[in-house]
Each structure stands twice: as structure tokens, then as C-alpha cells.
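One structure is given below, encoded as C-alpha cells.
The values are calculated or read from the model by the stated rules, or taken from the named source; none is laboratory data. Remember, predicted model here, so these are calculated numbers, not experimental data. Glycine also receives a Cβ, built like all others from the backbone with ideal geometry; neighbour counts cover every protein chain displayed.
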Amino acid sequence: ELARYLAEKVEHHIPKETVTYSLEEQNGNCSRDLPRLVYVCQLYAVKHLAQTLIYGHSNHNMFPTIMHPNEFFDGALVNYQYDNMKISETTKTYQNQPVIKELYRRHGKDLLFAGVILKDTPYSLEDKKRSAMFTAKLARWLLQADGVILTKEGGGHPQIDLSLISEYCAAVGITSTILLSETGSSTGLASEMTLFNAGTAANLISCGRDELIEIKPAVRIIGDALTEAQRNEEKKIDVSNEVDLFYDGGKISIWSIRDALSQVGDNYLTTLEL
């Protein structure tokens with residue numbers, strides 16, 4: 001309803017700028033010598049109301065699928081997370097997908113944007129391997145990729161999938177670049193990857209790291225503050241829940257703030273290893 005309301009308000013407005021996104025060779029001048037890059041976008045479904053929807057359907061148990069990148073801009077993906085918000089991307093981010101926009105910007109100049117592979121995050125190791133193999137097969141034999149960019153939703157075990165995809169892509173001659181938000185490693189960025197084989201990825205890029213920040217007490221609260229019963233219920237879900245801090249102020253993990261970090265690069269934070 002909110003999306004419809006906002007759209008109606010600008011329905012007859014003339015846009016200030018029009019941008020055309022096309023995978024076609026620009027004026028026929030795209031050099032065949034340019035490397036072909038594929039973006040692998042890995043989604044995560046935890047449970048009902050905690051997942052990303054694809055055309056209104058859960059991504060759970062989907063097989064790796066080739067999608068036209070413009071489908072992201074058209075709203076094919078919708079964030080349906082009431083939980084785990086800190087490790088998922090907003091609908092706004094998907095409709096303005098930064099990796100896709102950057103690949104389009106460079107398409108025909110120093111690379112060829114070959115397409116997007118959309119996949120889920122399986123739970124079992126057997127399914128993870130099967131999905132990773134199929135992803136590498138699509139990238140190599142259908143999209144003829146020279147390189148892939150890998151991103152994920154979710155926290156720990158989805159990183160195993162990125163490691164496996166990178167490994168299987170390397171086996172068929174595809175170079176991998178992985179984007180990853182750090183979650184407090186004390187031994188460097190590479191240790192953030194669960195079961196990560198550093199030899200299979202050419203680049204491991206940080207999209208920022210978890211840290212504690214100070215927030216001030218809320219000046220104004222719209223709606224009622226949490227009751228003691230609600231607060232206790234939150235603690236049952238997660239004993240580390242920091243809901244009180246949003247009212248009272250104090251130190252809070254940056255991960256607890258919606259969209260403060262993005263695992264697809266929709267922010268200005270990064271980490272430089274020294």
C-alpha cells in the first residue's frame with residue numbers, strides 16, 4: 001500500500017534524468033577481448049516472514065537461476081524480513097543494486113557484463129555443493145564468464161556457499177571476487193570466511209565491519225514503549241537483544257541499525273588490512 005501511495009504521487013511527474021540499462025553491445029563497439037563478468041547474488045530464507053521474495057515467492061530451495069539484471073530494478077526482489085534485518089538487504093537496495101549498476105557503468109569499457117545468477121542458501125553441505133557446482137556451470141558454459149562477483153545475505157553458514165562457488169569456479173577457469181561485511185574478526189579479513197579457501201578467490205573485499213557506536217536516548221517515541229512483558233519476550237528470543245538501548249541510549253552494535261552495513265556495497269564503509 002505504501003509503495004502504491006508513493007507511486008501515485010509521482011505518476012505524472014517528468015523525471016529529471018532517464019538512464020537506460022542494456023546488456024546489448026554499445027554501438028557494436030564492445031571488444032571481444034574484454035573480460036566477461038557475471039554477478040552471483042545469493043539470497044537467504046530463514047523462515048516465513050524472514051526471507052527475500054522473488055516475484056512474491058520464497059527463495060527457499062530454489063535452484064540457481066539466470067536473471068536479467070534489469071529485473072532487480074523492476075522490483076523482482078522484495079525484502080520480507082521482520083527478523084535478521086542486519087544481515088539482509090532492503091528492497092530499496094535491490095531496486096538500486098550497486099553491484100549491478102557498477103557493472104553496467106563499466107560495460108563495454110573495461111569489461112562485458114554477462115548477466116546475473118540468482119541462488120538461495122541451502123542448509124545441508126550436500127545441497128550447498130550441488131548448488132555451487134550448478135552455479136559454476138551456468139557461469140562458465142551458458143554465460144561464458146571469465147570472472148564472477150559473489151555476494152550473500154545471511155551471516156555464518158552462507159559464507160560456506162561463497163567458498164564452494166569460488167572453488168568450483170576456479171576449477172573451470174573463472175576468477176572470483178567476494179564482497180563480505182566483517183563481524184568482528186581479530187585476525188584479519190580472510191578469517192571472516194567460514195571454510196574459506198584463500199587460494200580460490202582473487203579478491204576478498206570488505207564492505208565494512210561490526211563495531212560499537214554510542215547512540216543518544218530517544219527524544220521522541222512514536223507509539224508505546226516496550227512493556228516489561230514485551231521486553232522479557234525479546235530476551236527469550238535473544239539474550240543479547242539490545243532493544244532497551246534504542247530508548248535509553250548507550251553503546252550498540254552497528255549491526256543492530258537497519259542498513260548501516262550492506263553486504264552488496266550499498267554504503268561507504270570498508271576495511272583496509274595493514
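Within segment 78-91, is even one residue within 17 Å of the chain's Cα centre (by Cα), in a strand (DSSP E or B), surrounded by 12 or more Cβ atoms within 10 Å (Cβ to Cβ) and at pLDDT 85 or above? Break it down stepwise before answering.
Step one: filter segment 78-91 for residues within 17 Å of the chain's Cα centre (by Cα), giving 78-91.
Pick out the ones that are also in a strand (DSSP E or B) and you get 78-81.
When the remaining residues are screened for being surrounded by 12 or more Cβ atoms within 10 Å (Cβ to Cβ), the result is 78-81.
Retained after the next criterion (residues that are at pLDDT 85 or above): 78-79.
Yes, that holds for at least one residue.
Tell me whether segment 56-72 contains one or more residues that are assigned to a loop (DSSP other than H, G, I, E, B), aromatic (Phe, Trp, Tyr) and surrounded by fewer than 20 Cβ atoms within 10 Å (Cβ to Cβ). If you could, list the steps in order and put the result at the bottom.
Residues of segment 56-72 assigned to a loop (DSSP other than H, G, I, E, B): 56, 59-64, 68-69.
From what is left, the residues that are aromatic (Phe, Trp, Tyr) are 63.
Narrowing the set further to residues that are surrounded by fewer than 20 Cβ atoms within 10 Å (Cβ to Cβ) leaves 63.
Yes: one or more hits.
Name the strands (runs of 3 or more DSSP E) wholly inside segment 112-187 in which the number of residues that are over 20 Å from Gln263 (Cα atoms), touching a residue at least 40 places away in the same chain (Cβ under 8 Å) and of a type in the set (Lys, Arg) is 3 or more.
Values: elements: 112-119, 147-152, 175-182.
By residue number, no strands (runs of 3 or more DSSP E) qualify.
Scan segment 86-119 for residues that are in contact with a Gly (Cβ under 7 Å, 6 or more places away or on another chain) and either β-branched (Val, Ile, Thr) or within 15 Å of Ser22 (Cβ to Cβ) (or both) and jot them down.
Initially, segment 86-119 is screened for residues in contact with a Gly (Cβ under 7 Å, 6 or more places away or on another chain), giving 87, 95, 98-99.
Scanning segment 86-119 gives Ile87, Val99.
Can you tell me how many residues in segment 168-215 are surrounded by fewer than 21 Cβ atoms within 10 Å (Cβ to Cβ), touching a strand residue (DSSP E or B) at 6+ places or on another chain (Cβ under 6 Å) and modelled with pLDDT of 90 or more?
2
Yes/no per residue for (1) crowded, with 18+ Cβ neighbours inside 10 Å; (2) within 28 Å of Ser22 (Cα to Cα); (3) under 16 Å from the mean Cα position of the chain (by Cα):
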{"site": "Lys129", "(1), (2), (3)": "no, no, no"}
{"site": "Trp141", "(1), (2), (3)": "no, yes, no"}
{"site": "Ile149", "(1), (2), (3)": "yes, yes, yes"}
{"site": "Ser166", "(1), (2), (3)": "yes, yes, no"}
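Taking segment 92-126 as the search range and keeping residues that are within 11 Å of the chain's Cα centre (by Cα) and among the β-branched types (Val, Ile, Thr), which one is surrounded by the fewest Cβ atoms within 10 Å (Cβ to Cβ)?
Here the residue is Thr93.
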